[in-house]
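To start, the structure itself, in structure tokens.
The values are calculated or read from the model by the stated rules, or taken from the named source; none is laboratory data. What you see is a predicted model, and the numbers here were worked out from it, not measured in a lab. All Cβ positions, glycine included, derive from the backbone under ideal geometry; neighbour counts span all protein chains shown.
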Amino acid sequence: MSDGIPIVIDDPLDPRIAEFHAVRERDLTGRHGRFIAEGTVVLRMLAKAHAEGRGVTAEKILLLRNRLSGVKDVLAAFPPEVPVYVAEAAVIDAIAGFHLHRGVLAVGMRAAERTLADQIAALPERALVLVACGISNHDNAGAIFRNASAFNVDSVFLDETCCDPLYRKALRVSVGAVLTMPYSRQQTADAILTALSENGFDIWALSPGGETEMRDIPASARMALVTGTEGQGLPAAILSRFRTARIAQSKGLDSLNAGTATGIALYSAALAQGRL
């Protein structure tokens with residue numbers, strides 16, 4: 001905004017809002033560290049992450065003109081140098097490339113990731129972390145982060161084959177939790193788990209055929225839960241190397257949704273550690 005006044009955009013090709021052009025196509029090609037925050041809830045989390053110095057910064061905001069009054073309190077949480085643009089529905093739809101019924105978009109930038117070693121070194125002595133392997137579904141990725149935030153997880157570690165949690169849909173499903181939850185997406189699952197094991201973590205791999213029921217896992221000062229994709233689950237090499245845990249369920253069902261299973265497991269582990 002300029003002197004507290006939003007900047008009106010009436011040309012979809014205005015270069016000042018170029019980052020918002022063709023949102024869906026650029027979701028697929030990537031934004032080189034930038035991301036799109038969509039909706040009021042995610043915008044609020046972006047403001048929180050920016051203000052708290054969580055390695056995320058807001059660059060600019062684009063609103064449907066009639067949404068402006070409803071998000072004034074959220075906008076007030078951003079630094080004054082973050083520009084706010086407003087446009088009518090026809091213009092904003094032309095910019096985005098589809099009907100933007102939420103009418104709230106922002107461009108953010110995530111700082112460069114810390115190394116795996118630095119990410120682990122930053123963890124407290126009493127810690128609960130989640131390791132995700134091969135998560136390619138953006139809904140599941142978002143749900144995993146939402147669960148991690150709900151149950152006070154200290155960090156999420158994604159292996160290099162996982163999808164980008166800053167993808168617009170994953171970010172939206174997470175209700176912005178991706179912006180405030182410490183995470184890294186790098187290296188192989190084996191490298192991540194080896195590093196955690198060397199730093200005193202008890203590692204439990206989640207599987208429908210796990211040896212120990214989740215509620216029977218003993219609490220420890222440092223716990224790491226490992227989740228894999230739906231269908232294939234975790235690789236045999238991980239299941240044979242670490243202790244395994246299952247969630248009791250009906251015999252007629254093959255397995256739980258990855259997001260649901262992760263939520264149940266994290267709830268149990270958080271209770272065991274006295275986090276709730």
Of the residues in the stretch 124-145, those that are surrounded by fewer than 22 Cβ atoms within 10 Å (Cβ to Cβ) and touching a residue at least 40 places away in the same chain (Cβ under 8 Å) come to Glu125, Arg126, Ala127, Gly134, Ser136, Asn137, Asp139
Scanning the stretch 157-185 for residues that are out of contact with any Ser or Thr (no Cβ under 8 Å at 6 or more places or on another chain), of a type outside the set (Asp, Glu) and at negative phi gives Leu166, Tyr167, Arg168, Lys169, Ala170, Leu171, Arg172, Val173, Val178, Leu179, Arg185
Restricting the stretch 257-276 to residues that are touching a residue at least 60 places away in the same chain (Cβ under 8 Å) and part of a loop (DSSP other than H, G, I, E, B), the one surrounded by the fewest Cβ atoms within 10 Å (Cβ to Cβ) turns out to be Leu276
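Yes/no per residue for (1) more than 20 Å from Gly55 (Cα to Cα); (2) among the aliphatic types (A, V, I, L, M):
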| site | (1), (2) |
| --- | --- |
| Ala150 | yes, yes |
| Tyr183 | no, no |
| Trp204 | yes, no |
| Glu213 | yes, no |
Taking the stretch 217-256 and keeping residues among the charged types (D, E, K, R), surrounded by fewer than 18 Cβ atoms within 10 Å (Cβ to Cβ) and modelled with pLDDT of 95 or more leaves Arg241, Arg243
Contact list, first residue from the stretch 42-63 and within 19 Å of Pro6 (Cβ to Cβ), second anywhere and among the charged types (D, E, K, R) and part of a loop (DSSP other than H, G, I, E, B), beta-carbon distance below 6 Å, six or more apart or interchain, is none
